[in-house]
Amino acid sequence: MKICIQTGDVIDDIGQKEGYALFRRAGFEGIDWNLDHAWNNSQVRNGVYGGSCIFEKPLDEVRAHYAGELSLIKKNNLEISQAHAPFPCWVREYPGFIDYAIEIYKRNIEFCSDIGCRRLVIHGVSYSLADNINTPDDIYNLNKKLYTSLIPALLGTDVTVCLENLFVTYNSVNYQGCCSDAYRAAEFIDMLNEAAGREVFGLCLDTGHANLLHHDFRVIIPAYGKRIKALHIHDNNGAKDQHRAPGTGTIDWNHFCSALRSAGYDGDLSFETYAQTKAAQKIDKSLVLPWLKLIYETGKVFRSKIESGPEPG
């Protein structure tokens, strides 16, 4: 069970050479690689896509594009535990975009297999109360199309595509998104794996998203069960997706650890706390390393509780 961190704003703001060295100095053993930065999220939502994403290119060109960064990751003895694919996969105003996204994800899968990254997080489509065109059944069918289209690319690799429990905000209220209903998500993931003929899909449990929906880890983790293959660990105030360090929000982390222990979770612990380190940078860059060290030490405590520590009380 490795303790990992998402590359996020540390690499973007500080730079690859110094950023990866900071991760290692803080103690981290692996990363969740932000491959989602391969396209501009806001431009995509405005229908501007095509011709600018590296994953449109053949695998050899993708390798060359990331060669320098991969060298730095290896130099700092960091394992690529998981990666995050570009999102969104679908834009309501541009329904044809999902076909483009599927081709990007196929190259993502191929690249992850090539570099030995075994887990790839791909966001699904969520139903929104703002959508007066598509029904929940339409959204279900879009997700079915998205993930079943990836099965041929997944077979023959050891990559697992991880769906994520998402949320939707409408009129300042948070509602359930794709895979946030643990029981329905379990059924959907099982259906996908049955269609594939083996286990190629799982779940990335995002703690912050669960907290926004006031979910109890003692309920949802047993429901997701062994389908949980990856984690996005971060805290918030229960109202906004803040990506804080654990202990700075309202999540009950003892319940989280206890439930994972009972479920037999044996994957990595990956922190998605980029807002915490970004806030530190705004004061002074020298504060980033102490925060990273604290987050890593928190991971060690979590690992102890999940693997062999006393039952959290």
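No value in this document is a laboratory result; all are computed from the given coordinates. Computed from a prediction, not measured in an experiment: that's the story for all the values here.
Ellipticity at 222 nm from helices only: DSSP H runs of n ≥ 4 in the chain, each -39500 (n - 2.57), divided by the residue count, give -14000 deg cm²/dmol.
For the pair segment 269-286 / segment 229-247, the C-alpha centres are spaced 13 Å from each other. Maximal additional length on extending the residue 16-residue 148 stretch stands at 44.0 nm, based on 0.36 nm per residue less the C-alpha distance. Hey, could you get me the Stokes-Einstein D for the chain, Kirkwood radius over alpha-carbon pairs, 37 °C and 0.692 mPa s, rounded to whole µm² s⁻¹? Once the numbers are plugged in, D ends up at 166 µm²/s. Would you kindly calculate the translational diffusion coefficient of segment 95-144, applying Stokes-Einstein with the Kirkwood radius from alpha carbon pairs, for 25 °C and a viscosity of 0.890 mPa s, and quote it in µm² s⁻¹ without decimals? Reported coefficient: 194 µm²/s. With 24 Å as the limit on Cα-Cα distance, the pairs of 17/278; 75/282; 106/145; 2/74; 226/278; 106/300 that go past it are 75/282; 226/278; 106/300. Could you bin all the Cα-Cα distances of segment 221-297 into 5 Å bins starting at 0 and give me the percent of pairs in each, rounded to whole numbers? That works out to 3, 15, 22, 22, 18, 11, 5, 3, 1, in percent per bin. Between segment 90-122 and segment 9-47, the C-alpha centres lie 18 angstrom from each other.
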